[in-house]
Amino acid sequence: MIPFSILDLAPITEGSNASQAFANMLDLARLGERLGYRRYWLAEHHNMPGIASAATAVLIGHVAGGTTTIRVGAGGVMLPNHAPLQVAEQFGTLASLYPGRIDLGLGRAPGTDQATARALRRYYESADAFPQDVVELLHYFEPATPEQPVRAVPGAGIDVPVWILGSSLFGARLAAQLGLPYAFASHFAPDALDEALAIYRRDFRPSPRLAAPYAMLGINVVAAGNDAEARRLFTTQQQGFINLRRGRPGLVPPPIDDIESYWTPTEKVGVERALACAVVGGPATVREGLREFVARHRPDELILTANIYDHALRRRSFELAIQARHALAGQGAPADCCQ
């Protein structure tokens, strides 16, 4: 069975705060490490009351320092918000502190609204320069030459795996052209998934960084003791999407008993389309849903996200997900898997 990884946004729930979100974040990363998840990635967002992962590189350092073996990285850094040199320095520093454990995923979107994007980078215009920025960033990780006027210190000559993130055909083409691993955001924007994967695999050009295409897909997995409980937990994420589309992003809400009373028919269609790549249910349902998803898309890796209000139940969901992986691989779960 393919590797499983974790994508986190350091969610701030109603009645909580950023400090508690960061404590939960590290706790989940340590659990993921113990259970055998390959990576723990944090995503950059700004001006979102319910997401605490804005200072992504800082949090990656905190998680890497609090774990020992799991890879930790950005899923991703939104490059239009940053100068490539600064990103190279930050991740060169992280990779120097935690050798062989740091990943850098790069996204083209600002990860926020346009006003905030301009506040982040005063000369921000658009994401049109993203390919050039990626090439510049990759250059800073190459060994420095004597005549090189600007170098990343640390960063030059340091092995930092760089991924392209995307939810459209643009990222697939760029990742293929540059010979980089590709992570598709199917967990919230699945419409172009099949075509993007086909383009990436067909057009991939081997590079010194990667000899063959490697695709990781995002998927929502909300697992619980039974299907009804899991569907109720999933209403937290459904509410969050509705609130965002209504222009009222807020803290992560608790689940509700009747999601049908919360959304309009039009909102329901939009949310269900955005969250189509979701496996929600008890152990048997999750196992079968993951099997079907992997069989259809043949990813090289899955990165799971679960926006669950209660931290203990969120932990339990990731435990059940890894149990499903072991079952699909024909293995038993580790003895301490759910202790």
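Here PHE234 meets each of (1) of a type outside the set (S, T, N, Q); (2) assigned to a loop (DSSP other than H, G, I, E, B); (3) surrounded by 14 or more Cβ atoms within 10 Å (Cβ to Cβ) with one exception, condition (2).
The condition of being of a type in the set (A, V, I, L, M), touching a helix residue (DSSP H, G or I) at 6+ places or on another chain (Cβ under 6 Å) and modelled with pLDDT under 95 holds for only one of MET78, MET1, that being MET1. Remark: pairs (first residue in the range 254-266, at pLDDT 95 or above; second residue acidic (Asp, Glu) and surrounded by 10 or more Cβ atoms within 10 Å (Cβ to Cβ); Cβ separation under 7 Å; 6+ apart in sequence or on different chains) = PRO254/GLU14. Pairing residues of the range 271-286 that are on the phi > 0 side of the Ramachandran plot with residues that are polar (S, T, N, Q) and modelled with pLDDT of 95 or more, at Cβ distances under 8 Å and at least 6 apart in sequence or on separate chains, gives GLY281/ASN226. Taking every residue in the range 155-173 that is farther than 25 Å from ALA196 by Cα and pairing it with any residue that is among the polar types (S, T, N, Q) and not in a helix (DSSP H, G or I), at least 6 positions away or on another chain, the pairs with Cβ-Cβ distances below 9 Å are ALA156/GLN148. Which one is farthest from the chain's Cα centre (by Cα) among residues in the range 133-148 that are assigned to a loop (DSSP other than H, G, I, E, B) and surrounded by 15 or more Cβ atoms within 10 Å (Cβ to Cβ)? If we take residues in the range 133-148 being assigned to a loop (DSSP other than H, G, I, E, B) and surrounded by 15 or more Cβ atoms within 10 Å (Cβ to Cβ), then ALA144 is farthest from the chain's Cα centre (by Cα). Would you be able to tell me the number of residues in the range 198-218 that are within 30 Å of ASP310 (Cα to Cα) and surrounded by fewer than 24 Cβ atoms within 10 Å (Cβ to Cβ)? Adding up the residues that qualify gives 0. The residue pairs whose first member lies in the range 196-223 and is within 17 Å of LEU174 (Cβ to Cβ) and assigned by TED's automatic domain parsing to the domain that holds VAL280, whose second member is at pLDDT below 95 and not β-branched (Val, Ile, Thr), and whose beta carbons are closer than 6 Å, counting only pairs six or more residues apart or on different chains, do not exist in this structure.
Taking the numbered list (1) buried (at least 19 other Cβ atoms within 10 Å of the Cβ); (2) at pLDDT below 95 in turn, ARG39 passes all entries but (2).
Residue count for the range 237-254, restricted to those that are surrounded by 17 or more Cβ atoms within 10 Å (Cβ to Cβ) and of a type in the set (Lys, Arg): 0.
The residues listed here are LEU193, LEU169; of these, the one that is of a type in the set (A, V, I, L, M, F, W, C), at pLDDT 95 or above, closer than 24 Å to LEU42 by Cβ and not assigned by TED's automatic domain parsing to the domain that holds VAL269 is LEU193. Residues in the range 83-95 that are of a type outside the set (D, E, K, R) and either surrounded by fewer than 20 Cβ atoms within 10 Å (Cβ to Cβ) or within 24 Å of TYR37 (Cα to Cα) (or both): ALA83, LEU85, GLN86, PHE91, GLY92, THR93, LEU94, ALA95.
The values are calculated or read from the model by the stated rules, or taken from the named source; none is laboratory data. Bear in mind that the values here come from a model prediction, so they are computed numbers and not experimental data. Every residue, glycine as well, gets a Cβ built from its backbone with ideal geometry; the counts of neighbours run over all protein chains shown.
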